[in-house]
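One structure is given here, and the rest of the page talks about it.
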Amino acid sequence: MAEQNTEAKLKNLLKQEKIQLWNPPYTDDDNQPGQQHMQELANRYAPLLGLSAPEVGVALELIRVLAVKRGKGNKMFRETNVATLELLLPRDSKKDPKAKTYLETRLDVSLQQLMDRIAEEFGLKHVKLILNGKTLSGDQPLDQQGVKNHSKVMVLKVSDAEWKQQLMEDEEKKKNQNESIQRTQKGFQILSERDGSEDPDTTPFLEIGDQKGNPLNIPHKEKKALILAMGFHEKGRSLMKKKQYENALCHLLQADQQFSQCGSALLASVDNFAVLQLDIVWCYQALEALSCLEDGRSRLQRAEECFLKCYGEQQQRLLRIKGNTGREDVLFLRLYLLQSLIFYIEGDDRQARIQLSRVESLYSRLVLDSEKMAQLMSLGFTDREARLGLRACQGDLQEAAIHISNRRQEREDLKQRERQRRRTRMEAISTLSELGFSRRDAARALHHAHGDVDKAYGILLDSSQATQASNNNSESALSPDKVQQLLYLGFERVSSEAALRLTGGDVQSATQLLLDNQGFISAELLSPPSTSSSSSPSSEEPSTSSTCPEDTELVNEVLEDISHHEEDYLDLTLEEESELIAAMKTYLSREATLS
C-alpha cells in the first residue's frame with residue numbers, strides 16, 4: 001500500500017505541473033527515457049516526498065513506462081479492439097518479481113479461452129482469475145464480467161486436486177448464492193404484500209417505522225421496494241457478522257438496487273440508505289478490493305449527504321427525535337475511517353490524517369469501560385443494551401441504566417399499541433365480512449377509509465351497488481353528459497368511465513371516488529367484489545399472504561436475519577474498526593517519518 005501511496009503522490013505532482021512523461025523530453029522517439037530530464041524530476045521531487053532521489057527515480061520510471069504502455073495499448077484497442085491486460089502472476093511464475101506482465105486479447109472471448117492461454121504461456125496447468133476482488137467465472141465473455149482495456153487481473157495457481165474441488169465448490173457456491181438471493185427476495189415479497197389483516201399471533205407482518213419505531217405511512221409501491229431493500233440489507237449484514245463478505249456484498253448490492261426504486265423524500269427520512277452505502281464500502285475494504293475505491297468514494301459521499309438530510313446539520317433533528325446522538329456516532333466513526341483510507345490510497349496524506357484524527361477523537365468517546373459494561377449487565381441488561389445505553393449517555397453509568405429502562409418501556413408500549421392496532425383492524429375486517437363482504441375486499445376498503453369502519457362499509461356498499469347498476473344499465477352510467485362533467489373537472493376519460501361504472505352513473509360519487517384515488521382507478525377496484533361471508537383463509541385472500549408450508553418456511557427463514565432490536569445496526573463492538581485504525585496509523589506514521 002505504501003508503493004501505491006508514493007505513486008499516487010507522484011502522479012498528483014505531475015498532474016499539477018502538467019508534465020506528460022510519455023512525451024518528449026521525458027520519452028524519446030524510441031520510447032526510451034530522457035535520462036537528464038527524468039533525473040532532474042527525481043531530484044526535485046525527492047525532498048517533497050521525503051524519499052531518496054534514486055527511489056523517486058525508480059517510481060517515476062515505472063509511471064513513465066506504464067504511461068507509454070497505456071498509450072500504445074489505447075491506440076491498439078481503438079484500431080483493432082485488442083485489449084491489453086496486466087497480469088498479476090504468482091511469485092514463482094515470474095522471472096523478474098518487479099517486472100509487470102501484460103497479455104493482449106479481445107474482450108469478446110470466453111474466460112476459459114483466456115485461462116487456457118495463460119496456462120500455456122506461463123506454464124500453469126490450472127488457474128483462477130480475480131478482478132476487483134471477485135473471481136471471474138468461465139461461462140461468460142470477458143467484457144460481460146467487467147474486464148476492460150488495461151484491467152489488472154490477478155492469476156492464482158491451483159493444483160489438480162484443488163482445481164477439481166474448486167469446480168465443485170464454485171458450482172455449489174454459485175447455486176447457493178443465487179438460491180439465497182432468490183429465497184430472500186421471495187420471502188420479503190410475501191411480507192411486503194401483507195397488510196396486517198392476519199392474526200398477529202400467528203402471521204408475521206412487517207411495518208416500516210421511523211427512528212423511534214413509529215409506523216410510517218408510505219405508498220404501497222414504495223413500501224414494497226423498501227421492505228425488499230431492507231430485507232436484502234439485513235441478510236447482507238447477517239453475512240457480514242459471519243465475515244462472509246463476498247456473499248454479503250451480493251445481497252447488499254441487491255438492496256441498493258431496490259432502494260433506487262424509492263423516492264428521494266422517503267430516503268431522506270430514514271438512515272437505512274446511508275448505512276447501506278457504508279456497509280458496501282466496508283465489504284470493499286474487507287475484501288481488499290482497492291480497485292473499487294472510485295465507486296466507494298461516491299458511495300461514502302452519498303452516505304454523508306443522506307446522514308445530513310436525515311439527522312440535520314449538527315444532528316439537531318436526531319437530537320429532537322431521540323433525545324441524544326451518542327449511538328449514531330459509531331456510523332460517523334466508520335464513515336471518517338473509510339474516507340481516511342481512500343484519501344491515503346489516493347496519496348492525500350494530509351486529508352487522511354485529518355479524517356483519522358476525527359476517527360480517533362470519536363473512538364476515544366465511544367470505546368467503553370469494561371467495568372461499567374459488567375455493572376450494567378449484572379443488573380440484567382444485555383451487552384447490546386449496555387453498549388447502546390452507555391454511548392447514548394456519554395459513559396454515565398446511572399444515566400445509562402435509566403435510559404435503558406426507559407427504552408425498554410417505550411419499546412414495550414409501542415409493541416402493545418401495534419398489536420392493539422392490528423387486533424382492532426382484524427375485528428373491523430371480521431365485522432365487515434359478517435355483513436357479506438370478503439375479507440380481502442374489507443381489508444382494501446379499510447385501507448382507503450384509513451381504518452374507519454363506517455366509511456369502509458360505505459365504500460363496499462357503493463362498490464357493490466355500482467357493480468349491480470353497471471350490470472343492469474351500463475349505458476346509462478356512461479352517458480356522454482356524465483363523462484363530459486368528469487372530463488371538465490380534469491379527470492382522464494378512461495378513469496372517468498371506470499368511476500361511473502363503479503358508482504352506477506352517480507357523478508358525485510364518481511368524483512369522490514376519483515379524488516380518493518388520486519384520479520386513477522386501479523385494477524383492484526375494477527375487479528368485482530366477492531360477497532362470500534367465509535372468514536377462513538381461502539382463495540379470496542391475496543395469494544402473497546398464503547400460509548402454505550413453503551411460504552411459511554421462506555418467511556421464517558428470512559425473518560431469522562432480521563434483528564429483533566431496531567438499533568442493531570448501531571451496536572458495533574469497534575474491534576474491526578480498531579484494527580483498521582491501527583493499520584492506518586502505521587501507514588501514516590511511516591510517511592511522516594520519511595518526510
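None of the figures in this text is laboratory data; all of them are computed from the coordinates on show. Since this is a predicted model, take the numbers as computed values, not measurements. FYI the Cβ positions are ideal-geometry reconstructions off the backbone, even for glycines, and counts take in every protein chain you see.
Around residue 20, which amide H atoms from residues at least 5 apart in sequence, or from another chain, sit under 5 Å from its own amide H, with H modelled in the peptide plane?
Distant-sequence amide H within range of residue 20: zero hits.
Starting from the Cα-Cα distance between residue 164 and residue 384, subtract it from 0.36 nm times their residue separation and give me the gain in nm to one decimal.
That pair, residue 164 and residue 384, stretches by 74.8 nm at full extension.
Could you tell me the distance between the Cα centroids of the stretch 46-124 and the stretch 494-517, to the nearest Å?
Each part reduced to its Cα centre gives a spacing of 69 Å.
Most exposed first by the Cβ proxy, i.e. fewest other Cβ within 10 Å, how do 450, 233, 403 rank?
450, 403, 233
Of 224/455; 186/223; 128/157; 69/148; 72/128, which pairs sit farther than 18 Å apart, going by alpha carbon to alpha carbon?
Where the Cα-Cα span goes over 18 Å, the pairs concerned are 224/455; 72/128.
Apply 1/(1 + (r/R0)^6) to the Cβ-Cβ distance of residue 110 and residue 243, taking R0 = 45 Å, and write down the FRET efficiency to the nearest 0.05.
Between residue 110 and residue 243 the formula returns 0.90.
Neighbour counts of other C-beta atoms within 10 Å: give me 125, 223 arranged from fewest to most.
125, 223
How much length is gained if the chain between residue 520 and residue 487 is pulled fully straight, taking 0.36 nm per residue apart and subtracting their Cα-Cα distance, in nm to one decimal?
Here the segment from residue 520 to residue 487 would lengthen by 10.6 nm.
What FRET efficiency comes out for residue 421 versus residue 354 if R0 is 41 angstrom and r is the Cβ-Cβ distance? Round to the nearest 0.05.
So, using R0 = 41 Å, E works out to roughly 0.25.
What spacing in nm lies between the two simple spin-label points modelled at residue 61 and residue 182, each 7 Å away from Cα in the Cβ direction?
The two pseudo-label positions are separated by 5.6 nm.
Quote the relative contact order of the stretch 1-75 in percent (integer), defining contacts as alpha-carbon pairs under 8 Å separated by 6+ residues.
30 percent
Compute from the Cα atoms of the stretch 1-75 the Rg and the Dmax, the latter being the longest Cα-Cα distance, and quote both in angstrom.
For the stretch 1-75, the Cα-based Rg and Dmax read 11.9, 36 Å.
Which percent of the Cα-Cα distances in the stretch 81-160 go past 22 Å?
15 percent
Quick check: pseudo-label points 7 Å beyond the Cα along Cα→Cβ at residue 576 and residue 93, how many nm apart are they?
Spacing of the two 7 Å Cα→Cβ label points: 3.0 nm.
For a footprinting-style exposure proxy, rank 506, 295, 441, 413 by other Cβ within 10 Å, fewest first.
413, 295, 506, 441
At a Förster radius of 25 Å, what calculated FRET efficiency corresponds to the Cβ-Cβ distance of residue 261 and residue 144, to the nearest 0.05?
About 0.55, to the nearest 0.05.
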